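Only one structure is covered here, and it is reproduced in the block below.
The values are calculated or read from the model by the stated rules, or taken from the named source; none is laboratory data. On a predicted model such as this, the values are computed, not experimentally measured, just so you know. Glycine also receives a Cβ, built like all others from the backbone with ideal geometry; neighbour counts cover every protein chain displayed. Keep in mind that these areas ignore ligands, DNA and RNA; they rest on the heavy atoms of the full protein, side chains included. Shrake-Rupley method; radii C 1.70, N 1.55, O 1.52, S 1.80 Å.
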Amino acid sequence: MSATFWESVADGNRGLTAVLFTVWVYLWLSQRQTKSAGSPKLESGKSLPTEFLAEEKVSLLTAKESSSGPRRIKGELRKAEGPKSAVQLGPQQRVQVLVFFSSLTGSTERTAKQFTAALEASLLGQTSESDQVFLRPQLLDLTQIDYDEFFISPPKSTEANQPVDYFYLILLPSYNIDTINDNLLEHMKETHNDFRIDKASLAGLLGYSVFGLGDQEGWPTEEEGFCFQAKEVDKWMAKLTGRKRAYPLGMGDSTRDSKERLAEWTEGVTEVVRQIAKTGCLGDGVPGSGDAVESDDEYVSGEDDDGEVVVDEPLQPKKTKKSTRDIDDVEDLGRIMKTSRADANDATGRAPIAIDFTTYSRTSKKPPQTVKEMVPKSSPTYAALTKQGYSIVGSHSGVKICRWTKSALRGRGSCYKFSFYGINSHQCMETTPSLSCSNKCVFCWRHGTNPVGTTWRWVVDPPDLIFDGVKAGHYQKIKMMRGVPGVRAERFAEAMRIRHCALSLVGEPIFYPHINEFLAMLHGERISSFLVCNAQHPEQLAALKAVTQLYVSIDASNRESLRRIDRPLHRDFWERFLRCLDILRERRFRQRTVFRLTLVKGFNVEDEVEGYADLVERGLPCFVEIKGVTYCGTSSSGGKEGGLSMANVPFYAEVTAFVEALDRTLRERGLGYGIAAEHAHSCCVLLASERFRVGGRWHTRIDYDRFFELLEERGPDGEWTPEEYMGEATPEWATWGNGGFDPRDERVDRKGRKIEA
Ligand SMILES: Cc1cc2nc3c(=O)[nH]c(=O)nc-3n(C[C@H](O)[C@H](O)[C@H](O)COP(=O)(O)O)c2cc1C
Ligand code: SF4
């Protein structure tokens with residue numbers, strides 16, 4: 001009874017308190033509105049704009065509010081509206097860059113002063129180009145400012161009709177002793193967690209970036225504390241600004257490479273600030289524009305490298321309107337090509353080049369009946385591919401950054417080609433000049449929508465259009481990684497120079513009639529070429545000029561198994577396949593040749609070791625890569641006839657057991673192979689010819705500079721041997737038995753959680 005009484009009193013009290021609180025808030029808000037309507041200016045504080053404040057004790061403008069009531073600071077976090085809407089600068093809007101620093105022993109202060117002066121010269125030098133006006137960048141010492149004035153909400157201009165937008169740059173040394181850095185971090189945490197303040201109260205900033213200084217002699221790795229406070233500040237700024245990281249966190253060792261690292265970071269940051277001035281936003285798709293996920297699992301996708309992709313939803317083909325145009329004579333080809341490519345050419349001004357039917361079959365006498373685009377913009381394939389993150393270039397080429405490129409940018413490991421051949425994943429472009437191929441492999445996720453054919457029957461885009469387009473597409477996608485948490489400024493800067501090209505995305509690169517010209521363009525820019533073909537086009541393979549590494553996919557060891565797994569369109573698929581192996585055999589002393597085996601349990605693993613050994617004996621490739629198929633889906637990717645499930649994905653132990661059996665068989669036959677390297681992370685093992693073992697050590701890596709020298713000296717048809725561009729010894733960590741994970745990076749699982757070694 002008494003309990004009920006006291007409960008009702010308490011309830012009554014709660015109700016009364018709520019009413020009083022509401023009345024009080026209402027009064028407070030009305031008072032505030034009246035005040036601000038009459039006074040658009042800030043109530044106190046100095047104006048920032050024009051004087052250079054480096055040496056001053058800076059006491060700056062503030063958003064001071066009445067202290068008599070709770071203050072609600074509103075940020076402007078925008079939810080996934082698309083990048084362009086992130087921040088819109090009006091004409092003649094003024095942009096103020098604020099450079100914050102802290103320093104105990106003076107080096108960061110010196111660096112920050114030089115940096116600000118350089119930034120000022122650079123920014124003010126180009127103001128006239130844009131509608132925006134850059135105010136002189138201001139340097140602010142974190143020991144001298146009031147955090148409430150800068151790290152709760154952005155400062156406001158003192159002149160109402162002259163709005164200013166702010167961009168923050170923070171240069172911060174790390175200290176594992178108590179310093180001002182701890183106060184700043186504490187302030188940021190409190191602001192973010194303060195229920196009265198919007199979680200992203202700094203979202204009104206144009207953007208921010210952080211550069212950390214540390215000392216790797218005392219704190220060698222990030223795990224051991226190198227630049228740990230800069231990392232923390234970067235993280236909290238991402239939260240407070242609603243992910244407006246405009247450029248990746250930079251880090252430099254003040255005793256070694258800080259100048260170099262800072263120069264890279266400065267270049268990137270300056271470009272971003274300029275871009276903001278021109279466009280009013282952080283750039284296409286930059287997560288910092290307001291639509292990213294500040295979490296570690298943002299890039300979990302159902303893809304693996306090299307186009308061996310399987311996704312959860314099988315893509316349904318839609319009926320497309322059939323072209324009714326027939327070709328009456330050869331001259332009509334030109335007319336039809338012109339009309340069918342009109343929109344694609346508008347942008348480039350480059351016309352498609354003469355069609356070149358690549359079938360070499362003697363029986364095919366009739367030209368195809370229509371010439372159309374392989375992947376028109378209006379097609380379901382186009383929609384499906386772009387949805388999956390592919391950029392379609394012209395009408396039959398594609399580019400996409402693979403998950404390893406993203407992973408390497410974030411210091412989370414590179415693909416097996418770094419471990420085996422020294423390919424930097426963050427400098428690797430994955431592309432194909434032909435999205436079409438002549439197989440319908442069960443493990444190809446595009447089954448059902450991809451264009452297939454035994455002959456090239458589409459409009460042909462010129463190689464320079466493709467080359468320029470895929471590079472632009474790749475760089476655009478790299479730039480989109482700028483604001484992603486964990487991206488390393490150093491790798492980001494390196495990634496803006498493509499050094500490798502994996503021609504293996506999807507489709508069949510040698511199907512493209514001008515593949516040799518395309519390769520010459522790659523090599524002309526010293527971009528290495530790893531070309532994977534499906535062993536169905538022997539004539540094109542025979543006509544192929546030098547590539548850095550030449551692959552054929554070996555998806556099965558015998559005719560029946562290959563028919564079942566690749567579902568080839570060519571009736572003479574097995575003969576074509578064997579002819580390709582013979583071509584590789586001839587090439588083995590001129591090029592690095594590779595067999596790539598993709599193991600699919602239930603399809604091409606069981607009882608096939610002897611058969612694979614026969615194929616190796618026939619083609620004698622320099623290397624044999626063996627990889628378990630990847631599957632990340634919930635339903636069949638191949639439809640009723642050939643769908644895969646998790647049951648088809650071999651465990652790494654099953655892959656290694658297979659490799660050991662194959663290795664044994666090859667040894668028994670005296671073929672001179674051995675297990676050279678592994679990358680357990682991607683379920684991949686490398687068998688190599690003894691030709692690549694020197695002084696008891698495997699040398700699977702490539703001397704890329706030497707490759708280009710040979711190419712330049714002797715031309716793409718020139719004679720040289722793969723041994724001539726053999727690189728240094730395979731690093732110990734990559735050799736068989738050592739796992740193959742790059743020790744510079746941090747292992748994480750698919751959710752971004754750290755995996756202990
Ligand atoms: C007491 C002390 C503690 C430090 N702790 C760290 C640390 O935890 N992590 C790190 O990367 N560097 C650390 N450093 C290195 C400094 O961050 C580095 O020398 C920096 O450049 C100093 O900048 P300043 O001269 O502007 O203070 C420490 C240095 C000192 C003297
Ligand atoms: S080689 Fe290039 S495209 Fe292929 S997985 Fe590695 S980084 Fe990605």
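Scan the stretch 212-226 and tell me whether some residue there is over 25 Å from the mean Cα position of the chain (by Cα), crowded, with 24+ Cβ neighbours inside 10 Å and farther than 15 Å from residue 482 by Cα. Yes; the residues of the stretch 212-226 include at least one that is over 25 Å from the mean Cα position of the chain (by Cα), crowded, with 24+ Cβ neighbours inside 10 Å and farther than 15 Å from residue 482 by Cα.
Answer yes or no as to whether residue 594 is assigned by TED's automatic domain parsing to the domain that holds residue 716, at pLDDT below 95 and of a type in the set (Val, Ile, Thr). Spelling it out, it is not the case that residue 594 is assigned by TED's automatic domain parsing to the domain that holds residue 716, at pLDDT below 95 and of a type in the set (Val, Ile, Thr). Does any residue of the stretch 185-195 turn out to be modelled with pLDDT under 90, surrounded by 21 or more Cβ atoms within 10 Å (Cβ to Cβ), away from ligand 1 (no atom under 16 Å from the Cβ) and β-branched (Val, Ile, Thr)? The answer is yes; a qualifying residue exists.
Of the helices (runs of 4 or more DSSP H) lying entirely inside the stretch 145-246, those carrying at least 2 residues that are small (Gly, Ala, Ser) are 228-241. Could we say that residue 232 is more than 19 Å from the chain's Cα centre (by Cα) and either open to solvent by 60 Å² or more (accessible area, probe 1.4 Å) or more than 16 Å from ligand 1 (Cβ to nearest atom) (or both) here? So residue 232 does not fit the description; no. Annotation note: Cβ proximity below 7 Å between a residue of the stretch 149-171 that is over 22 Å from residue 212 (Cα atoms) and a residue that is among the acidic types (Asp, Glu) (sequence gap 6+ or interchain) occurs for 155/149. Checking the stretch 452-465 against the condition returns no match, with no residue being in contact with a Leu (Cβ under 9 Å, 6 or more places away or on another chain), within 16 Å of ligand 1 (Cβ to nearest atom) and not small (Gly, Ala, Ser). Listed by position, the helices (runs of 4 or more DSSP H) inside the stretch 364-442 whose residues that are of a type in the set (Ser, Thr, Tyr) and in contact with a helix residue (DSSP H, G or I) (Cβ under 9 Å, 6 or more places away or on another chain) number at least 1 are 403-409, 416-421. Scanning the stretch 402-423 for residues that are more than 8 Å from ligand 2 (Cβ to nearest atom), touching a His at 6+ places or on another chain (Cβ under 7 Å) and either more than 17 Å from residue 549 (Cβ to Cβ) or open to solvent by 10 Å² or more (accessible area, probe 1.4 Å) (or both) gives 409, 413. For the stretch 172-183, taking the residues that are more than 16 Å from residue 211 (Cα to Cα) and of a type in the set (S, T, N, Q), the one that is least open to solvent (accessible area, probe 1.4 Å) is identified as 179. Looking only at residues in the stretch 597-633 that are of a type in the set (Asp, Glu) and over 15 Å from residue 670 (Cα atoms), the one that is modelled with the highest pLDDT is 625. Scanning the stretch 688-701 for residues that are open to solvent by less than 30 Å² (accessible area, probe 1.4 Å) and assigned to a loop (DSSP other than H, G, I, E, B) returns 700, 701.
The set of residues from the stretch 533-552 being farther than 14 Å from residue 454 by Cβ and open to solvent by 20 Å² or more (accessible area, probe 1.4 Å) comprises 542, 543, 545. For the stretch 661-687, filtering for residues that are touching a residue at least 60 places away in the same chain (Cβ under 8 Å), open to solvent by less than 20 Å² (accessible area, probe 1.4 Å) and part of a helix (DSSP H, G or I) leaves 1. Residues of the stretch 99-122 that are more than 13 Å from ligand 1 (Cβ to nearest atom), buried (at least 19 other Cβ atoms within 10 Å of the Cβ) and part of a helix (DSSP H, G or I): 116, 119, 120. Restrict the check to the stretch 517-535 and report whether at least one residue is over 25 Å from residue 710 (Cβ atoms) and within 25 Å of the chain's Cα centre (by Cα). So far as the stretch 517-535 goes, no, none of its residues is over 25 Å from residue 710 (Cβ atoms) and within 25 Å of the chain's Cα centre (by Cα).
This table checks each residue for (1) more than 16 Å from ligand 2 (Cβ to nearest atom); (2) surrounded by fewer than 20 Cβ atoms within 10 Å (Cβ to Cβ); (3) modelled with pLDDT of 90 or more.
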| site | (1), (2), (3) |
| --- | --- |
| 472 | yes, yes, yes |
| 478 | no, no, yes |
| 494 | no, yes, yes |
| 498 | no, no, yes |
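Each residue in the stretch 374-391 was checked for being open to solvent by 40 Å² or more (accessible area, probe 1.4 Å) and of a type in the set (A, V, I, L, M, F, W, C), and 1 of them qualify.
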